[in-house]
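Below is a structure I'd like to ask you about.
A short reminder: the numbers here are calculations on the coordinates, not readings from a lab. Fair warning: this is a prediction, and the values are worked out from it, not measured in the lab. Cβ coordinates were reconstructed from backbone atoms using ideal geometry, including for glycine residues, and neighbour counts include every protein chain displayed.
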């Protein structure tokens, strides 16, 4: 594993994933991998939540990882992969609150309408998100405060030489400089808008 994303969901993680894979640092693990194979990945993350992570099994065949669940384990991952680099994606806290409230947290709060088969996925997601200090029932102000607190905690835990604090709107320059790679000629990817999020969940069977 060469690169970990420490930014929480809806902070540009899918765009970062696409960018890392374009740079040859893929496959890049993302929550999508859990949705693609819940019987394998949900137990692995439940074990990590219980303090018994098997990073080799979770990230088998991967070179990088972004998004939740990864983002809730940045300190443990830095200890396990001391030479890896970390990218903290972030955005305006208020816009992040609006985005996550309309997507991830809306899905969790509406989980009773989802099929029984995907309830274990919701259980795992809820615990992963709580581990980062978030509760979907929090007020908008509380969520914004927790978002800032998570980002500050990452900056305190990861040495500055191994951490890039990054907004995807900054494009290839800062990311490629941090990774010591040449910038591609193509535009930096912009992916996973709110409609794309719901399609991802539907394709993964997480909604009825």
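If only one of 182, 127, 177 is more than 20 Å from the chain's Cα centre (by Cα) and either in contact (Cβ under 8 Å) with a residue 12 or more places away in the chain or not in a helix (DSSP H, G or I) (or both), which one is it?
After ruling out the rest, the residue left standing is 182.
Looking at 69, 38, 93, can you tell me which residue is touching a helix residue (DSSP H, G or I) at 6+ places or on another chain (Cβ under 8 Å), over 24 Å from residue 139 (Cβ atoms) and surrounded by fewer than 22 Cβ atoms within 10 Å (Cβ to Cβ)?
38
Among what's in segment 6-27 and is in a loop (DSSP other than H, G, I, E, B) and in contact with a strand residue (DSSP E or B) (Cβ under 6 Å, 6 or more places away or on another chain), pick the residue that is farthest from residue 179 (Cα to Cα).
Filtering first and then ranking leaves 11.
Now a separate question. Out of curiosity, is residue 64 in contact (Cβ under 8 Å) with a residue 24 or more places away in the chain, in contact with a helix residue (DSSP H, G or I) (Cβ under 8 Å, 6 or more places away or on another chain), surrounded by fewer than 22 Cβ atoms within 10 Å (Cβ to Cβ) and closer than 24 Å to residue 187 by Cβ?
no
Sticking with this one: Can you tell me how many residues in segment 84-100 are assigned to a helix (DSSP H, G or I) and under 23 Å from residue 74 (Cβ atoms)?
Selection size over segment 84-100: 6.
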